Amino acid sequence: MAIKLQILTEDPTEIELIERYWAADESGQYLEKVSALADVIEMAPGVTLASFIRQRCKAFDDNQVCPKCAQLIEIKSRSEAKKVPQRSTRLCTLCQHDQDAIALAAKKAKAAELERQLAEYARRQSTRTVDYSAVPDSQVLLLLALDRAVTPRLTNGSFRSSDCRGLAPRYVDEFMLQLRDAGLVLDDPGKASPGTYYWEGDEIWMVRDQVVYRLAPDAASRRAEDVIRSLSDRVYTDADGLFNLWLDYAVADVMHYLATQCELYNHPLSEEALEEIKSTLRCALETYSVSQLWSVVWKVVRDAASLANREYYNRWKAAATIPGKIRRNLEKVRRESIELKAWSRPEQHPAGTLGMVLGEVLGVDENTSGARVSSLLAWLTGQACSPPAEAALDEPVRELMTLALSRGIGASVMLRFAQLIRAGHDAGFAIEEIGEALRS
């Protein structure tokens, strides 16, 4: 092993110490131990022998060469020296300096390009406006709920997603994304903290929690307060859109309850399992209420907790059974016409401002079944009594009454019809349900 030294001192005593420190035999073993050299020269308190020598010489290892220019590699301590020749993975000092300079220049160029693109993006955002009279019904309710969640910042300032936590029990970011994708809330790069926007590959990414939002200006130049006030007077016509919004909210309400129960019993669920459960619950909520599905979740999670204590099971295996248990439980309820119990809303589980707005506009809460919500929306939007709706019922009504009268049970059929309507089902569902019962 050969070490080439570049001495940076003229003091003979220091030069002697440096040479003794780096002296090695043919096998690469150092001739003197560091502990034996530590007292040769008096050093300042806290200064090690290695740092003392680094300040007074540069050492280059004959056995290590730069992969770029083949110059010797500078080493900082004895442990970095190699006993046999090899191509280093490190660059020499000069090549490393050049590479760092290139990287720094590229970083500065990217930062300048990011700043330029954000400035252009902010300029385009500043020119965007919205015709709020044309905004879909579901997005109107979302805006009204958001206004309550971040008052007064929606109408006279800016806000972050963390300010919107009161919007819904869960999936607040997904509700916000609906408004952002629709152009109703705009992000304001100029007010965001440094590091909010960054490069990932060739695209600009953002730290979602740090993005600053604001309400999009009105195309008619009305004040934001007037826009929100006008939205409060909306006459709703889109039953399907409103029902899908209710389903989004109801799923969030049940999934929040599931999350708290799983946390209570230490049941970790994978993203795939959560997506499967969301799909199952969304389908079930078309018929049942949020509070009824809370009871299903409560039962299933406790079954999994009991299973986790069995031999050959653990928390992960038990948790993996939850999606299937929920699906099978609901299949049994539907197949055997079991009446689901309804759980009360836990005190630590608020409905969120979206739940409040849905309650005020539709007259629904966690105890309202999906079938009842659908029926209420049909009446609210005028679709229940529209000519197409009536025409669609003509033939089923005629068939049902013909069948009922032929069997002499017309009165019973009418009483059953009234019972289903009072339970919250619409006329189409009631007619189909009674018809299937008579034909079975």
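The values are calculated or read from the model by the stated rules, or taken from the named source; none is laboratory data. Please read these numbers as outputs of a predicted model, since none were measured by experiment. Every residue, glycine as well, gets a Cβ built from its backbone with ideal geometry; the counts of neighbours run over all protein chains shown. The accessibility values were calculated without ligands, DNA or RNA, using every heavy atom of the protein model including side chains. Shrake-Rupley method; radii C 1.70, N 1.55, O 1.52, S 1.80 Å.
Numbers below:
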read-out: Cβ-based net charge around Asp39, under 13 Å, with every Lys or Arg adding one and every Asp or Glu removing one; value: 0
read-out: Solvent exposure of segment 3-91 as accessible area per residue, Å², 1.4 Å probe; value: 62
read-out: If the convex hull is drawn through the Cα atoms of the chain, its volume per residue in Å³; value: 282
read-out: Partner aspartates and glutamates for Lys325 [C-alpha distance under 13 Å; skip if fewer than 8 residues away on the same chain]; value: Glu276, Asp303
read-out: Translational D in µm²/s for segment 240-380 (Stokes-Einstein at 4 °C, 1.567 mPa s, Kirkwood Rh from C-alpha pairs); value: 83
read-out: Per residue accessible area in Å² of segment 237-283, where ligands, DNA and RNA are left out and the probe is 1.4 Å; value: 42
read-out: Inter-centroid distance (Cα atoms) of segment 309-337 relative to segment 6-74, Å; value: 68
read-out: Carbon/sulfur fraction of accessible area - the chain, other protein chains in place, 1.4 Å, %; value: 52
read-out: Cross-link partners of Lys108 among aspartates and glutamates (Cα-Cα below 17 Å; sequence separation of 8 or more within a chain); value: Asp98, Asp100, Glu200, Asp202, Glu203
read-out: Computed E for Leu393/Asp209 - FRET, C-beta separation, R0 30 angstrom, nearest 0.05; value: 0.05
read-out: Surface per residue (accessible, 1.4 Å probe) for segment 327-369, Å²; value: 65
read-out: Exposure ranking of Tyr249, Tyr198 by accessible area [1.4 Å probe, largest first]; value: Tyr198, Tyr249
read-out: Gaussian network model of the chain, springs between alpha carbon atoms under 10 Å - residue of Pro12, Pro152, Pro194 with greatest fluctuation; value: Pro12
read-out: Among Asp209, Asp131, Asp61: highest mean-square fluctuation, GNM of the chain, C-alpha pairs under 10 Å; value: Asp61
read-out: Whole-Hz couplings from phi, Karplus 6.51/-1.76/1.60, listed for segment 337-348; x for Gly and Pro; value: 6, 6, 7, 6, 6, 10, 8, 7, 5, x, 4, 8
read-out: Sequence of Cys262, Cys69 when ordered by accessible area, the most exposed leading, probe 1.4 angstrom; value: Cys69, Cys262
